[in-house]
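Heads up: the structure comes next, in structure tokens.
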There are 2 protein chains.
Amino acid sequence: MEYELFYWPGIQGRGEFIRLALEDAGARYVDVARGPEGVKAIARVLRGEGFEGPAPFAPPVLKHGPLVIAQVANILHYLAPRLGLAPDGEAAQHQALQLQLTVVDLVAEVHDTHHPLSTALYYEDQKPESRRRAASFVSQRLPKFLGYFERALARNGEGEHLLGGTVSYVDLSLFQVVEGLRYAFPRAMALAEPKVPRVVALRDRVAERPRLAAYLSSPRRLAFNESGIFRRYPELDLVPGEE
Amino acid sequence: MEYELFYWPGIQGRGEFIRLALEDAGARYVDVARGPEGVKAIARVLRGEGFEGPAPFAPPVLKHGPLVIAQVANILHYLAPRLGLAPDGEAAQHQALQLQLTVVDLVAEVHDTHHPLSTALYYEDQKPESRRRAASFVSQRLPKFLGYFERALARNGEGEHLLGGTVSYVDLSLFQVVEGLRYAFPRAMALAEPKVPRVVALRDRVAERPRLAAYLSSPRRLAFNESGIFRRYPELDLVPGEE
């Protein structure tokens, strides 16, 4: 049964975490909103048309047969055992969900570096506040999150995966976080990366996985841009201590 | 086997969503940090001492036998089937997790009404920005979230529960959201509540559940205060249209 992903066309955004898992597994899926009438299809699913159960609050949304679910970590927790990207056992799957939710928290903080006051305002209407939030992010939060994942890798056997002995969806998501942070905060990342060698090595191993490498060099992988979550604004590309 | 909850003493905070489930189920649990040396116990668990698997990024943390997990929605997703607070079946449990993660998002936005620029600064150091964020929150986000949960209730049978035919942990969390919003934004809630009668009725039914009512009137239920997530600052108690 084919998977249907509903996410805004034109950006990687939160949908990319789902795409990476589907692509790495070689799963059959339709990226609905990139087809004709795709944005209308998103509107229909957000209104709850054509299925039972709660409507999504926001994309990304996954449809699989009669089931429609939202929230990145929830979708990945559902997909991963089906795609061969979950660690074995209930305990490890809760540990994976814990790590993924920490990725989700990091992504929300990245989003708020360019929208600290309101999602209803443009970035241009909250630039001074964005700079203060970005300064705090690169000084405190970015090193804290990366250090956290570095220690999680160090605690897990050889440190090649976040959980267990094989790759899981959380490893793919950490790859995406590194890519996004490199795009949005290249100066801070240049300083941060030498302190998290396991994170960087994981990023490199994920990038070399054959199906993922094929995806990353395909037109399906959109470039980062300033409509997504990870945005490159030179005025926010700060290093710790800058304000 | 007893549950151990690790969360900052002195506030309801994110830990309260876990407490409500444990209390409603009549589960045996220890609120570790309210005992002697409790904050040191939190520090040890955050350092990953004494267990395998990833350390938590932040409290709340649940320990159950050898398993240690963090993140509110993850902990509840683990506990709920054990406490009789999960809907039946895998599909419904993913729908529950979706709704709970939407509660988590709302709670994060409430937190950011008093910390829009940085968690490393005091509220007093970001007051003008807090006011702008709170204005946006009560105008746009609060009605959007409450309307979302109202529609989720309307879609589910008689509208008495968010999922299935009995109470789930998500219902308990929505109760807590209403309580917190009434505390933090009483003027906006007085305007919003008439538009979401199912949400208000759910809040009332949850408050009357015998074990929960006993908990709510016990000393274990701390009062809301200005160290928690839901804070009452008169200058942020705005209504839509105020700036």
What helices (runs of 4 or more DSSP H) completely inside segment B:93-201 contain at least 3 residues that are charged (D, E, K, R) and open to solvent by 10 Å² or more (accessible area, probe 1.4 Å)?
-> B:127-136, B:142-155
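Filter segment A:94-112 for residues that are among the polar types (S, T, N, Q) and touching a residue at least 12 places away in the same chain (Cβ under 8 Å) and give the result. Before the answer, list the steps.
Initial filter on segment A:94-112 (among the polar types (S, T, N, Q)): A:95, A:98, A:100, A:102.
Within segment A:94-112, A:Gln95, A:Gln100, A:Thr102 meet the criteria.
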The condition from (1) of a type in the set (Val, Ile, Thr); (2) closer than 30 Å to A:Ser118 by Cβ; (3) open to solvent by less than 20 Å² (accessible area, probe 1.4 Å) that B:Ile75 misses is numbered (2)
So, of the residues in segment B:113-150 that are of a type in the set (D, E, K, R) and touching a residue at least 24 places away in the same chain (Cβ under 8 Å), which turns out to be nearest to the other protein chains (Cβ to nearest Cβ)?
-> B:Arg132
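Suppose we filter segment A:54-92 for residues that are in a loop (DSSP other than H, G, I, E, B) and under 13 Å from B:His77 (Cβ atoms); how many remain?
First, pick out the residues of segment A:54-92 that are in a loop (DSSP other than H, G, I, E, B): A:54-60, A:65-66, A:71, A:84-89.
If we keep only those that are under 13 Å from B:His77 (Cβ atoms) as well, we get A:71.
The qualifying residues number 1.
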Could you list all residues from segment A:16-53 that are aliphatic (A, V, I, L, M), in a helix (DSSP H, G or I) and open to solvent by 20 Å² or more (accessible area, probe 1.4 Å)?
-> A:Ala25, A:Val32, A:Val39, A:Ala43, A:Leu46
Answer from A:Ala80, A:Ala91 - the residue that is more than 9 Å from chain B (Cβ to nearest Cβ) and among the hydrophobic types (A, V, I, L, M, F, W, C) | A:Ala80
Single unsatisfied condition, A:Thr119 versus (1) in contact with a His (Cβ under 9 Å, 6 or more places away or on another chain); (2) under 24 Å from B:Lys63 (Cβ atoms) = (2)
Test A:Gly84 against the criterion of being touching a residue at least 40 places away in the same chain (Cβ under 8 Å), open to solvent by 10 Å² or more (accessible area, probe 1.4 Å) and either assigned by TED's automatic domain parsing to the domain that holds A:Glu23 or over 30 Å from A:Arg131 (Cα atoms) (or both), and give yes or no.
-> yes
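The rows are residues; the columns are (1) modelled with pLDDT of 95 or more; (2) within 17 Å of the chain's Cα centre (by Cα).
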| position | (1), (2) |
| --- | --- |
| A:Phe137 | yes, no |
| A:Pro143 | yes, no |
| A:Gln176 | yes, yes |
| A:Val196 | yes, no |
| A:Val199 | yes, yes |
| A:Arg203 | yes, yes |
| A:Val206 | yes, yes |
| A:Ala214 | yes, no |
| A:Glu243 | no, no |
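Where residues in segment A:232-243 are open to solvent by less than 40 Å² (accessible area, probe 1.4 Å) and not acidic (Asp, Glu), which of them is nearest to A:Ala33 (Cα to Cα)?
Filtering segment A:232-243 down to residues open to solvent by less than 40 Å² (accessible area, probe 1.4 Å) leaves A:233, A:236-239.
Among the residues that remain, those that are also not acidic (Asp, Glu) are: A:233, A:236, A:238-239.
Values: A:Tyr233: 27, A:Leu236: 31, A:Leu238: 35, A:Val239: 37 Å.
Filtering first and then ranking leaves A:Tyr233.
It is to be established whether one or more residues within segment A:60-69 are closer than 19 Å to A:Tyr215 by Cβ, open to solvent by less than 30 Å² (accessible area, probe 1.4 Å) and modelled with pLDDT of 95 or more. Don't jump to the end; show me each part of the working.
Taking segment A:60-69 first, the residues closer than 19 Å to A:Tyr215 by Cβ are A:60, A:62.
Pick out the ones that are also open to solvent by less than 30 Å² (accessible area, probe 1.4 Å) and you get A:60, A:62.
Filter once more, keeping what is modelled with pLDDT of 95 or more: A:60, A:62.
Looking for residues that are closer than 19 Å to A:Tyr215 by Cβ, open to solvent by less than 30 Å² (accessible area, probe 1.4 Å) and modelled with pLDDT of 95 or more, one finds at least one in segment A:60-69, hence yes.
The values are calculated or read from the model by the stated rules, or taken from the named source; none is laboratory data. Here the structure is a predicted model, which means the values were calculated and not measured. Reconstructed Cβ throughout: ideal geometry from the backbone, glycine too, with neighbour counts over all protein chains shown. In case anyone asks, the SASA skips ligands and DNA or RNA and just uses the protein heavy atoms, side chains included. Shrake-Rupley method; radii C 1.70, N 1.55, O 1.52, S 1.80 Å.
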